[in-house]
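J.: For reference, the structure I am asking about is given below.
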Amino acid sequence: MEERNDSGMGSASAMAGSAVTGNRRYAAALRQLAATRPMFHTNMLIVTHKTNIADAFGKTWADIKESESLLFKPESFDTTRTPVLRVEAREWTALAQSRQASR
């Protein structure tokens, strides 16, 4: 499993950068990761913070809740990298159960 992080090896100060250029750099990196197509038969999980989501995808997504997930479908023609689905933490259990029931 490949691991990537934007936290400077756990250092909160490494993420701070300058208020403007640091945020822009992290937003661009997050958009690029969201646009990256995972290897065949795999998924990619990116864990980040609410402020990074708002910087990368716009203020529309700034109301994301604790443990809520944004799902993306990376497409080469979608230059905005807009999330296609929001899933709250409690919904994952129901999704997993419905998947098992369909087997």
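Each reported figure results from applying straightforward, stated rules to the coordinates on display, with no laboratory input. This structure is a prediction, so every number in the text was calculated from the model and none was measured. Counting neighbours? That spans all protein chains shown, and the Cβs are built from the backbone with ideal geometry, glycine included.
J.: Multiply the residue gap between residue 98 and residue 28 by 0.36 nm, knock off their C-alpha separation, and tell me the result in nm, one decimal place.
T.: Between residue 98 and residue 28, full extension yields 21.7 nm more.
J.: Work out, step by step, the length gained on full extension between residue 37 and residue 89: first 0.36 nm times the residue separation, then minus their alpha carbon distance; give nm to one decimal.
T.: On the way: separation 52, 0.36 × 52 = 18.72 nm, distance 2.37 nm.
The span from residue 37 to residue 89 would gain 16.4 nm if fully extended.
J.: Let me ask something additional. Return the sequence-ordered ³J(HN,Hα) values of the stretch 62-67 in whole Hz as given by the Karplus equation 6.51 cos²θ - 1.76 cosθ + 1.60 applied to θ = phi - 60°, using x for Gly and Pro.
T.: Using θ = phi - 60°, the values come out as 6, 8, 4, 8, 4, 6 Hz.
J.: Residue by residue through the stretch 52-61, what is 3J(HN,Hα) from phi via Karplus (6.51 cos²θ - 1.76 cosθ + 1.60, θ = phi - 60°)? Round to whole Hz and write x for glycine and proline.
T.: 5, 5, 4, 5, 7, 10, x, 5, 4, 9
J.: What is the set of long-range amide H partners of residue 46 at a cut-off below 5 Å, with H atoms built 1.01 Å from backbone N?
T.: none
J.: So how do 44, 39 line up by other beta-carbon neighbours within 10 Å, fewest first?
T.: 39, 44
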